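One structure is given below, encoded as structure tokens.
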Amino acid sequence: MPDASHPDQSGLENIVMRALALARRRGASAAEAGVSISSGLSVTVRLREVETIEYQRDRSLGITVYVGHRKGSASTANLSSSAVEETVTKALSIASFTAEDEYAGLPDAALMARDLPDLDLSHPWDIEAPEAIELAKRCEAAGLAVDARIRNSEGASVSTHRRLRVFGNSHGFIGGYPSTSHSVSCVVLGQSNGEMQRDYWYTAARDWRALEDVEEVGRKAAGKALRRLGADKLPTRKAPVLFAAELARGLIGHLVAAIAGGAQYRRSSFLLDAAGQEIFPPTISLIERPHLRGAMGSAPFDGEGVATRDRDLVVGGVLTGYLLDAYSARKLGLASTGNAGGVHNLVVLGEMLDIDALLRRLGTGLLVTEMMGQGVNPVTGDYSRGAAGFWVENGIVGRPVHEITVAGNLRDMYRGIVALGDDVDCRGAIHCGSMLIEQMTIAGD
């Protein structure tokens with residue numbers, strides 16, 4: 001990947017400090033500023049031909065000023081001294097027109113991160129476009145070679161990105177750290193007797209050396225597509241449903257959105273005022289571990305400079321609190337939990353079974369491997385989405401099924417979790433294995 005001629009961390013810290021000093025001199029009672037630089041390379045090949053090569057270089061500065069309880073924000077992609085000065089001026093101008101908001105302001109100074117741990121988040125991949133193209137071709141070729149029924153491809157991609165971010169505020173906090181993310185993905189199509197099915201696989205990591213072998217990514221994508229050939233519908237019924245790990249993460253994502261401070265103070269959550277309630281079975285716990293070394297969701301501080309800390313969010317099925325930034329915390333009369341920007345490695349714990357034991361526990365029901373549509377109501381928790389997967393009989397995975405809908409209510413679904421898989425998916429900020437739910441409505445023929 002070409003070397004991007006960006007400032008180093010000390011240079012970015014100087015830009016942040018200059019922006020904060022300008023804001024203070026021009027009348028801001030408080031201010032915060034964040035600056036980031038990033039660069040990346042992404043390539044995609046399809047049917048052994050290069051489709052795209054993308055180089056990315058971005059830089060940005062965002063500043064928020066507070067004049068009393070009036071707030072103004074402005075941003076720029078130009079990091080020159082004149083542009084920084086102009087951006088501060090615009091933020092102050094915007095603040096002069098906004099209404100006062102008694103909840104606006106920086107987080108409490110006592111919550112700022114002080115000692116920033118090294119979380120091993122930066123592993124630059126010294127790879128040029130020709131090598132990335134070759135890796136993508138090998139990935140796709142491995143998928144196409146699995147079986148004669150794999151007759152087409154939507155492509156294989158290799159990407160690598162690096163980022164350096166520095167944030168500071170008028171409490172005297174300033175901190176930054178570099179990070180990287182890398183991925184390889186493949187999408188192929190299987191065909192048999194006039195039917196076509198597509199599926200995919202991907203690998204992602206902070207350290208490029210931790211990525212799965214590119215040929216294995218292609219083979220997994222092909223295997224998933226082949227298993228779906230011959231799919232048919234199901235009669236409408238109620239049955240146990242097992243969500244694959246990458247889909248179970250999404251179910252927990254709905255929980256994260258529901259207990260976010262914004263959803264709570266706007267009164268727009270199906271888990272409104274749920275702190276202290278048992279929302280999962282007693283066997284389920286959720287813990288946030290923001291300092292896991294090398295993890296995709298790790299961070300030493302949140303988007304407002306608040307220190308991230310280990311937290312037990314659900315203990316024995318009981319929700320202990322919410323995910324709060326400074327503003328939502330004040331609206332709710334609480335304190336920031338260091339979640340400005342989201343969760344940091346939310347780990348789902350419970351009775352963990354291997355896939356064979358999980359299927360035996362399922363017995364007869366549906367294994368869901370793909371979801372479609374956006375049929376989730378965040379206010380009521382009603383859940384209804386298109387699905388595809390496999391019908392399981394007596395713990396044995398049987399015929400593939402598609403064009404069905406799984407429906408329920410998220411509150412009931414969480415309470416109905418029977419067991420979790422030990423196949424934990426750690427490719428994002430939520431770490432979760434496959435999830436078996438006792439019963440849902442399956443709508444088909």
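Observations on the structure shown:
- Relative contact order for the chain, counting Cα pairs under 8 Å that sit 6 or more residues apart, in percent: 15 percent
- Contour excess over end-to-end distance, with Cα ends at A357 and E54 and 0.36 nm allotted per residue: 104.7 nm
- Here the Karplus relation 6.51 cos²θ - 1.76 cosθ + 1.60, evaluated at θ = phi - 60°, turns the backbone of segment 149-161 into coupling constants of 7, 7, 10, 8, 8, 9, x, 10, 10, 10, 9, 9, 9 Hz, with x for every Gly and Pro.
- Averaging the Cα positions of each part gives two centres, and for segment 114-163 and segment 245-264 these lie 28 Å apart.
- Cα-based Kirkwood hydrodynamic radius, segment 237-443, one decimal, Å: 17.4 Å
- Backbone phi angles across segment 65-78, fed through the Karplus curve with coefficients 6.51, -1.76 and 1.60 (θ = phi - 60°), yield HN-Hα couplings of 10, 10, 10, x, 9, 9, 10, x, 10, 8, 9, 8, 9, 9 Hz in residue order; Gly and Pro are listed as x.
- Relative contact order computed over segment 237-443 (Cα-Cα under 8 Å; 6+ residues apart), in percent: 30 percent
- Degrees between helix 81-97 axis and first principal axis of the chain (Cα, 0 to 90, nearest 10): 90 degrees
- Subtracting the Cα-Cα distance of A77 and D101 from their residue separation scaled by 0.36 nm leaves 5.8 nm.
- Restricting the trypsin sites (Lys or Arg not before Pro) of segment 39-107 to loop positions (DSSP other than H, G, I, E, B) with no more than 14 neighbouring Cβ atoms within 10 Å leaves R48.
- Here the Karplus relation 6.51 cos²θ - 1.76 cosθ + 1.60, evaluated at θ = phi - 60°, turns the backbone of segment 436-445 into coupling constants of 9, 10, 4, 7, 9, 7, 10, 9, x, 5 Hz, with x for every Gly and Pro.
- Counting other Cβ atoms within 10 Å as a rough exposure proxy, the listed residues M17, M371 run M17, M371 from fewest neighbours to most.
- Mean sequence separation of contacting Cα pairs (under 8 Å, at least six apart), scaled by the length of segment 350-398, corresponds to a relative contact order of 44 percent.
- Taking the Cα atoms of the chain, the ratio Rg/Rh between the radius of gyration and the Kirkwood radius comes to 1.01.
- Theoretical FRET efficiency, 1/(1+(r/R0)^6), r = Cβ-Cβ of S29 and D422, R0 41 Å, to 0.05: 0.20
- Spatially close lysines, pair count over the chain: Cα under 22 Å, gap of eight or more or interchain: 5
- Between L332 and N152, full extension at 0.36 nm per residue minus the direct alpha carbon distance yields a gain of 59.5 nm.
- Simple label model, 7 Å out from Cα along Cβ direction - R267 to I94, nm: 2.9 nm
- Angle between the chain longest axis and helix 214-227 axis [Cα atoms, degrees, rounded to 10]: 50 degrees
- Proxy reagent accessibility, fewest Cβ within 10 Å first, across S80, S269, S38, S192: S80, S192, S38, S269
- Diffusion coefficient, µm² s⁻¹, Stokes-Einstein with Kirkwood Rh over alpha-carbon pairs of segment 9-227 at 20 °C and 1.002 mPa s: 106 µm²/s
- The angle separating the long axis of helix 245-258 from the principal Cα axis of greatest extent in the chain is about 40 degrees.
Read-outs: derived from the displayed coordinates by stated rules, not from any lab. This one's a predicted model, so the numbers in the text were calculated from it and none came from an experiment. Heads up, the Cβs are rebuilt from the backbone with ideal geometry, glycines too, and the neighbour counts pull from every protein chain shown.
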